[in-house]
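The values are calculated or read from the model by the stated rules, or taken from the named source; none is laboratory data. Note that the coordinates shown come from a computational prediction; the quantities given were computed from them, not determined experimentally. With ideal geometry, Cβ positions are generated from the backbone for all residues, glycine too; neighbour counts draw on all protein chains shown.
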Amino acid sequence: MTDTPTAAAEPSLFDEIAAGDVLTLAGVAAMFPAHRGKGRMNPSAVFRWATTGTKTRDGRSVLLGTVRVGHRLLTSKAAVARYVAAISHTPAAATPQPTPTARRGRGEQAAAELERLGA
């Protein structure tokens, strides 16, 4: 899988790796704690990020950008940062749902407005 830049000024993943910002999937796993907090994350989890991706709250699937060099998948710290930002972002459309009391109040206001208008 390759990383496609979202802006023309953003360097490509290959350019980041060529500049020396290179990580193996095991290196990415070493950056994060294990699920239960003791040890480090398993590299197979990072492999899944790169191959199947992670679903976001709005239903998109986000992949960790990688470059295949021989039999290895390589990525960069910047690509990991973009991936984490993409899966951590809460879309603006996902606003908290109103409580039942608030919905009831809005319904009563709408009914009063309809009565005032004669509908």
Name the pairs: first residue in the stretch 25-46 and among the aromatic types (Phe, Trp, Tyr), second residue at pLDDT 90 or above and part of a loop (DSSP other than H, G, I, E, B), Cβ to Cβ under 9 Å, at least 6 apart or on different chains? PHE32/MET41
Condition test on VAL46, is it within 30 Å of ASP15 (Cα to Cα) and over 12 Å from the mean Cα position of the chain (by Cα)? yes
Does ARG36 fit the bill of being surrounded by 12 or more Cβ atoms within 10 Å (Cβ to Cβ), out of contact with any Phe, Trp or Tyr (no Cβ under 6 Å at 6 or more places or on another chain) and in a loop (DSSP other than H, G, I, E, B)? no
In the stretch 39-54, how many are more than 15 Å from LEU73 (Cβ to Cβ) and among the β-branched types (Val, Ile, Thr)? 1
Test for LEU64: is it at negative phi, surrounded by 15 or more Cβ atoms within 10 Å (Cβ to Cβ), part of a loop (DSSP other than H, G, I, E, B) and of a type in the set (A, V, I, L, M): yes
Among the residues of the stretch 77-95, is there at least one that is surrounded by 13 or more Cβ atoms within 10 Å (Cβ to Cβ), of a type in the set (Lys, Arg) and assigned to a helix (DSSP H, G or I)? yes
